[in-house]
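Asks: Quick one: the structure is below, questions incoming.
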Amino acid sequence: MCEQDVRAGNLKHFNFKAEDQSRSEGARTLRVSIPEVLEPQYGMYVWPCAVVLAQYVWHHKGALQQKSVLEIGAGVSLPGVVAGRCGARVILSDSAELPACLENCRRSCEVNGLRDVSVVGLTWGQVSPDLLILPALDIILGSDVFYEPEDFEDVLVTIFFLLRRNPQAQFWTTYQERSADWSIEALLHKWSLQCLHIPLESFHANKECLAGSNLPGSHTVHMIVITMRKQSGDT
Ligand SMILES: C[S@@+](CC[C@H](N)C(=O)[O-])C[C@H]1O[C@@H](n2cnc3c(N)ncnc32)[C@H](O)[C@@H]1O
């Protein structure tokens, strides 16, 4: 039985719980509140993919302290906010052409007491001054950014650019299966990228209810980690 999404005003609450019962209560739970605006624009509310990616971030919280994390296409920014609350240095981004989405990123930080998070406009596929001045990154997050096939290559061009500058970095991303015909395999190959599929059960995300939210529901969500492809001769 799933606890229903809890709404108070326009806030949606998520309660992440660690499986490791040996930790103190404070280290075992995290409550994050996300302001939503119910408008028909993609970046205005939490998508099922965001809860799954946030659960992956929460599962790896021990490795996130002081890590430099960028979220792309962040919208209301649930995964980035969880990373920030777990001690990462976070930068949130959404399209430079969608100031309302950038405002959502800021509001999510405010509501969760994250004062040191920068918010920048990064449009996929564009090498802008804001992209060029990003600091060295450890992890890039992207939840439900592969939802429009005509944007797939732009997303991967941005990821290629960032991973080439930060060869050890990883792109943690979730996508929702919307059509059996859609694939990023050929584009990964074209841009010298490789991906690893992460089974949902390995981070306790194979459930219809996650973090007290029934958002994942019966949607088929996949978690993958994308890195630069090792070239022959690389050590
Ligand atoms: C399906 S929503 C996902 C939002 C959020 N990541 C989530 O999972 O809840 C897609 C997000 O990508 C952003 N977006 C759309 N086109 C973009 C572009 N060309 N460059 C950067 N962000 C874009 C939208 O504003 C929106 O926030």
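Any read-out appearing in this document is the output of simple, stated calculations on the displayed coordinates, not a laboratory observation. These numbers come from a predicted model, not from an experiment. Reconstructed Cβ throughout: ideal geometry from the backbone, glycine too, with neighbour counts over all protein chains shown.
Asks: Hey, could you get me the Stokes-Einstein D for the chain, Kirkwood radius over alpha-carbon pairs, 4 °C and 1.567 mPa s, rounded to whole µm² s⁻¹?
Replies: 72 µm²/s
Asks: Go through the stretch 153-159 residue by residue and turn each phi into a ³J(HN,Hα) via Karplus (6.51, -1.76, 1.60, θ = phi - 60°); whole Hz please, and just put x for glycine and proline.
Replies: Going residue by residue, I get 5, 4, 4, 6, 5, 4, 5 Hz, with x marking Gly and Pro.
Asks: About the Cα centre of the chain, how large is the charge dipole given +1 on each Lys and Arg Cβ and -1 on each Asp and Glu Cβ? Please answer in debye to the nearest 20.
Replies: With only Lys, Arg, Asp and Glu charged at Cβ, the dipole is about 880 debye.
Asks: Around L131, with a cut-off of 15 angstrom between Cβ atoms, what is the net charge of the other residues, counting Lys and Arg +1 and Asp and Glu -1?
Replies: Charge balance near L131 sits at -3.
Asks: Right, next: Fewest first, what order do I198, I140 take by the number of other Cβ atoms within 10 Å?
Replies: I198, I140
Asks: On full extension of the chain, what length is gained from T29 through D116, given 0.36 nm per residue of separation minus the C-alpha to C-alpha distance?
Replies: 29.1 nm
Asks: Next question. Which ordering of H197, H60 is given by a fewest-first count of other beta-carbon atoms within 10 Å?
Replies: The order, fewest Cβ neighbours first, is H197, H60.
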